[in-house]
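Before any comments, here is the structure.
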Amino acid sequence: MESPQLHCILNSNNVACSFAVVAGFLAFFSCLAFLVLDTQETHIADTRFKTAFQLLDLILAVLWAVVWFVGFCFLANQ
């Protein structure tokens, strides 16, 4: 407790701690990127780009659901 060095509380598994931190940062930054793109969506006139953007949004939502599920199972096991 008094050591200035970080210690992973997830069964002392550094991979588990790193996975949780990296997944959280990537999710945060992807949410920020899509928030910016969503605010600019009304200014986009090209329907092909809008369709591609919505498809990318759907694919990333499914991908993040899988990442969070795998992460939950992995971290719950630790």
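The values are calculated or read from the model by the stated rules, or taken from the named source; none is laboratory data. Treat the numbers as computed from the prediction; the structure is a model and nothing was measured. All Cβ positions, even for glycine, are placed from backbone atoms using ideal geometry, and neighbour counts span all protein chains on display. Quick note on the areas: whole protein, heavy atoms, side chains included, nothing else; ligands and nucleic acids left out. Shrake-Rupley method; radii C 1.70, N 1.55, O 1.52, S 1.80 Å.
Here are a few things to note about the model shown:
- Scanning the stretch 1-53 for residues that are among the polar types (S, T, N, Q) and either closer than 22 Å to Val67 by Cα or in a helix (DSSP H, G or I) (or both) yields Asn11, Ser12, Asn13, Asn14, Ser18, Ser30, Thr39, Thr42, Thr47, Thr51.
- Hits in the stretch 25-78 - residues which are open to solvent by less than 60 Å² (accessible area, probe 1.4 Å), β-branched (Val, Ile, Thr) and farther than 30 Å from Ile9 by Cβ: Ile44
- Checked against the criterion of being in contact with a Leu (Cβ under 9 Å, 6 or more places away or on another chain) and of a type in the set (Ser, Thr, Tyr), the candidates Ser30, Ser12, Ser18 yield just one match: Ser30.
- Filtering the stretch 12-24 to residues that are touching a residue at least 24 places away in the same chain (Cβ under 8 Å) and either surrounded by fewer than 10 Cβ atoms within 10 Å (Cβ to Cβ) or small (Gly, Ala, Ser) (or both) leaves Ala16, Ala20, Ala23.
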